[in-house]
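**Student:** For reference, the structure I am asking about is given below.
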Amino acid sequence: MRHTKGEWIKETTISIDGYHIYSRLDDEDVAIVCDKSDNEGEDETEANALLIAAAPELLEGCEALKKLIKEFSQMLVDEDVDIVGKMDELLDIAEVKIERAISKAKGQEGRDKP
């Protein structure tokens, strides 16, 4: 199973109340997230749209962690590997990917951390 490639973007739609999620790579539609019928759901609707738009980055972060766990397990068996150096490198990569995904999912992408 494959998902739509590229970074997913959230933007406000004009034709309906809600958000349009599309792929930056090929401008392909991914989803439309509609506002609830009451105005009280606007924040929740935007949060849902942000989470959907962050899905590729969240997947990438999970894959980085999976790789880190797999390589760490192998390093425990291999005595010739610089475990501290390799783990530091893998942790840095995973941390950057995860921080970016979380920031995007929370609508904080491109902003300084609070």
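Every number here is computed from the coordinates shown, using simple stated rules; none is lab data. From a predicted model like this one, the values you see are computed outputs, not experimental measurements. Methodologically, a virtual Cβ is constructed for each residue, glycine included, from the backbone with ideal geometry; neighbour enumeration extends over all protein chains shown.
**Student:** Show me, for the stretch 50-66, the HN-Hα J-couplings you get by feeding each phi into the Karplus relation (A = 6.51, B = -1.76, C = 1.60, θ = phi - 60°), rounded to Hz, glycine and proline as x.
**Tutor:** Here the 3J(HN,Hα) series is 5, 5, 5, 5, 7, 3, x, 5, 5, 4, 4, x, 5, 5, 5, 5, 4 Hz.
**Student:** Would you grab the residues whose amide H sits under 5 Å from the one on Gly18? Only those 5+ places off in sequence or on another chain, please, with H modelled 1.01 Å from N.
**Tutor:** Result for Gly18 returns Thr13, Asp35.
**Student:** Let me have the relative contact order for the stretch 55-114, percent, based on Cα pairs under 8 Å that are six or more residues apart.
**Tutor:** 49
**Student:** If you place +1 on the Cβ of every Lys and Arg and -1 on the Cβ of every Asp and Glu, how big does the dipole about the Cα centre of the chain come out, in debye to the nearest 20?
**Tutor:** 180
**Student:** Next question. Can you tell me which of Asp82, Asp26, Asp92 moves the most in a GNM of the chain? Springs connect C-alpha atoms under 10 Å apart.
**Tutor:** Fluctuation is largest for Asp82.
**Student:** Would you work out the relative contact order for the chain, in percent, from Cα pairs under 8 angstrom that are 6 or more residues apart?
**Tutor:** Reported as a whole number, the value is 22 percent.
**Student:** Which residue, Asp29, Asp43, Asp80, has the most motion in a Gaussian network model of the chain that connects Cα atoms within less than 10 Å?
**Tutor:** Taking springs between Cα atoms under 10 Å, the residue moving most is Asp80.
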